[in-house]
Every structure is written in C-alpha cells, then in structure tokens.
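Visitor: Would you mind keeping the following structure in view while I ask a few things?
The values are calculated or read from the model by the stated rules, or taken from the named source; none is laboratory data. Bear in mind that the values here come from a model prediction, so they are computed numbers and not experimental data. Here the Cβ positions follow ideal geometry from the backbone for every residue, glycine too, while neighbour counts run over all protein chains shown.
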Amino acid sequence: MTTYYVDGVSGSDANDGLSVGTAWQTIQKVFNEVGVTLTTHDDVRIMATADYDLAGTGLNSSTNFLGAIVGANAAGVVDGTRAKITTTVAQQSLLEISSSLTAFAYLDFDGNSLTTHALSAATVNCRNFWFHCLFHDAIQAGSYQGYAGGQCRHRFLRCEFFNNGADGVYGRGATIIECEIHDNVDAGIFGNQSDAVHVGNRIYANGIGLEGLSSAEGIFFGNTIDDCDVGLELNYNSGSYAGGNQITNCGTSIKNLGTLNYLYHFSDNLHGNTGRSSLGAELSFLETAVDPAYNDPSTRDYDYSTAAAADALAPFTLYVGAGTYLLATGGGGSPRTGFGRAVRL
C-alpha cells in the first residue's frame, strides 16, 4: 500500500505525489492515475490547504479503484478535517462517477449554488463507499443516482446532506446509514427502485423526510424524522418494510400512495412507527369499482375466469389519526392498511 498526497496550493501534477513536499496539485490528477500509478489498496490524502475550485470543469471517475481518497489536514494527517471541493463556475456536478469500489472519506462537496448536483452517478452499480462526507448547496440534489436502467448502490455512512434545492440524496438502491439530512427543499431522502436501505438517519426540516418510490423490498428503519411537511411517504412500494421510525412535528406522519397492485403489501411494510403530527396517516389507493371475473396480470385483476375484461378503479383515501398522537403502526384489519391505534391528546 502506498500513500499519495494532493496539495492545492503548493503541489504540482508533475510531482510524484509520494510525500507532502512532492504532492500533486489537482484532484483530477488522482483519477487520471488510477490504474497507472495508483493500484489496489493505495490511499490518497487530499490536504485541506485551500478550497479545490473546479472552475466549471467537473471531476470524472471512470476506472475502478479499490483504494481510498480521504481528506486530511494541511500537514497531510487524517484527523477528521475535510477538504472542500467546490466551483465558482456553473457546471453539472462536482464529481460524476461511473466507477466502483473506492472509499471516500472526509470530503466536503460544496455545490455553491452553481452545480446541478454535488455528486452524480453516470452508470449503474457504482458501488462506492462514502464516510463522513458533506453534500450541500446544489441546485437540485446533493447526491444524484438517477441513471435509468438500474441501481447505483452507493453506500453512505455518517454523511450530511443539506441546503439542496431539491433532494438531499436521490438514490437508486442506495444504503444510507446514520446520516444527517436537513434543510432540503423537496425530500431529505428520495429512494427510487429496489433494495434501498435507509437506517438510523436523523432527518429534519425537509419538504418530505423520507420518500420511497417503487422500492421493492426496501428497508426504512430506525430513522428520526422531524419538522417536515410529510415524515414518511411510500409511493407504489411493493414489499418494502418501514419500522421503528420516530416521526415528530410533521404535517403528516405517514403517507401512503398506492394502487391495487400493492394494496396487499401495506400490512407488511408499516410496523412500530411512532409520530406526533397534525395528521397521523394518509393512505391513498385506487380501489376496484368494477371487478369482472377475469385474471388479467397486466391490470392485476385477482379474480379468475376465461373472459377478458379489465377492472375499473376509483380513488380511495383513508385518513388516520387527524389531530392525534399516532402511537404505533401494526398489521391487521380491513382494509389492510398496516395501522394499529391512535389516541386523542
């Protein structure tokens, strides 16, 4: 294992990068050296000697690097000091990543209200690891993993997402654990598609605290959500599990939007949540208004016959616990909402 250094003030990309005195100067030099100078288990220390201003030229990581890129203090020591990466010129993102396996730590991605996203993924299966990083002040998302066609699967541990113009983190299959997510205009976490894991996060002062969309088999557990318009919103989720979340001071604690396709999963995906909000829960479905006796998989008709026909659906909304303290959600009952009891204060 070899350690390399980057010093934005005194370094030079013509140096060998092997010491503080012979550090490289730019972060793009680091990515250019992956697979050339940098090999498996090497680590790079980005020294916080000054802000790294990309000036409109975003970083690009396209080659897998099984190593670490870590912020360090001005002496090159890793002590929790974050190196800031920012821009003074409008650009799409500070870092666009299409590689995997790298561990990033103690980096501050400051969009400076000039980048669309602080971090973005350019392909699927970018299985990188992010520890103690900041993602903030982007025009849209702090971290955007919206590449169509599959999941990106970043892993975030104890990071912070804040002051973004849309979502704190827009993730496809992301794992987000013990992060602080606040003051984002839309959702703190917007989870899209399958296998999302959001556990033990502190989420507050967002439009929606945690929003799951089409997240088959997602897990949203043990989060604290406070001071949002909606605490937890699950949209068309199939087989997801939301439990042990504490939701306080929100306009609505829990909001479910779904169709007949997923109605029968709701008793399985909301357990043990507590909340003190103006409205305990709002559940919106499309219920069956006309139900011909025919099983048509394309329309999820659950009856069986041999004659082709389609169900007619009508909107149906159930409100639970208006003006109450929602103690806990649990399965059972009909309709199968997954809610237990609420008591009036």
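Visitor: Select, from THR102, THR57, the only residue that is among the polar types (S, T, N, Q), modelled with pLDDT of 90 or more, under 15 Å from ILE27 (Cα atoms) and in contact with a strand residue (DSSP E or B) (Cβ under 9 Å, 6 or more places away or on another chain).
Guide: Answer to the check: THR102.
Visitor: Further question on the same structure: List the pairs whose first member sits in segment 1-15 and is in contact (Cβ under 8 Å) with a residue 40 or more places away in the chain and aromatic (Phe, Trp, Tyr), whose second member is surrounded by 14 or more Cβ atoms within 10 Å (Cβ to Cβ) and in a loop (DSSP other than H, G, I, E, B), and whose Cβ atoms are under 7 Å apart, counting only residues at least 6 apart or on separate chains?
Guide: Pairs found: TYR4/GLY17; TYR4/LEU18; TYR4/ASP42; TYR5/GLY17; TYR5/VAL20; TYR5/ALA23; TYR5/GLY76.
Visitor: Of all residues being farther than 20 Å from GLY200 by Cα and surrounded by 24 or more Cβ atoms within 10 Å (Cβ to Cβ) in segment 148-164, which is modelled with the highest pLDDT? Just the residue, please.
Guide: Checking each candidate, the answer is ASN164.
Visitor: Sticking with this structure for a sec: Hey, does segment 105-121 have a residue that's under 17 Å from LEU66 (Cα atoms), surrounded by 22 or more Cβ atoms within 10 Å (Cβ to Cβ) and either within 16 Å of the chain's Cα centre (by Cα) or not hydrophobic (A, V, I, L, M, F, W, C) (or both)?
Guide: no
Yes or no, residue by residue, for (1) over 18 Å from the mean Cα position of the chain (by Cα); (2) under 19 Å from ALA23 (Cα atoms):
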{"site": "ARG45", "(1), (2)": "yes, yes"}
{"site": "GLY67", "(1), (2)": "yes, yes"}
{"site": "VAL89", "(1), (2)": "yes, no"}
{"site": "THR123", "(1), (2)": "no, no"}
{"site": "PHE131", "(1), (2)": "no, no"}
{"site": "PHE135", "(1), (2)": "no, no"}
{"site": "GLN140", "(1), (2)": "no, no"}
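Visitor: Another question, then. So, in segment 157-170, exactly how many residues are within 18 Å of GLY111 (Cα to Cα) and in a strand (DSSP E or B)?
Guide: So the count comes out to 5.
Visitor: Okay, moving on. How many residues are surrounded by 19 or more Cβ atoms within 10 Å (Cβ to Cβ), at pLDDT 70 or above and part of a loop (DSSP other than H, G, I, E, B) if we restrict to segment 234-277?
Guide: Qualifying residue count for the region: 4.
Visitor: Considering segment 26-48 alone, what residues qualify as being touching a Gly at 6+ places or on another chain (Cβ under 7 Å), surrounded by fewer than 20 Cβ atoms within 10 Å (Cβ to Cβ) and on the phi < 0 side of the Ramachandran plot?
Guide: Correct list: THR40, ASP42, ASP43.
Visitor: Oh, and also: Looking at (1) crowded, with 16+ Cβ neighbours inside 10 Å; (2) within 18 Å of TYR106 (Cβ to Cβ); (3) out of contact with any strand residue (DSSP E or B) (no Cβ under 8 Å at 6 or more places or on another chain), which is the one condition that is false for GLY67?
Guide: Among (1) crowded, with 16+ Cβ neighbours inside 10 Å; (2) within 18 Å of TYR106 (Cβ to Cβ); (3) out of contact with any strand residue (DSSP E or B) (no Cβ under 8 Å at 6 or more places or on another chain), GLY67 violates only (3).
Visitor: Which numbered condition trips up SER93, out of (1) of a type in the set (S, T, N, Q); (2) surrounded by fewer than 18 Cβ atoms within 10 Å (Cβ to Cβ); (3) touching a residue at least 40 places away in the same chain (Cβ under 8 Å)?
Guide: Unmet condition: (2).
Visitor: A further question follows. Kindly provide the set of residues from segment 120-143 that are at pLDDT 90 or above and either β-branched (Val, Ile, Thr) or within 11 Å of GLY171 (Cβ to Cβ) (or both), ordered by number.
Guide: Within segment 120-143, ILE139, ALA141, GLY142, SER143 meet the criteria.
Visitor: If you don't mind, another one. Among the listed residues ALA55, ALA74, ALA23, ALA83, identify the single one that is surrounded by fewer than 16 Cβ atoms within 10 Å (Cβ to Cβ) and touching an Asp or Glu at 6+ places or on another chain (Cβ under 9 Å).
Guide: ALA74
Visitor: Within segment 25-42, is there a residue that is more than 24 Å from THR2 (Cα to Cα) and either of a type in the set (Ser, Thr, Tyr) or in contact (Cβ under 8 Å) with a residue 40 or more places away in the chain (or both)?
Guide: Scanning segment 25-42, I find no residue that is more than 24 Å from THR2 (Cα to Cα) and either of a type in the set (Ser, Thr, Tyr) or in contact (Cβ under 8 Å) with a residue 40 or more places away in the chain (or both), so the answer is no.
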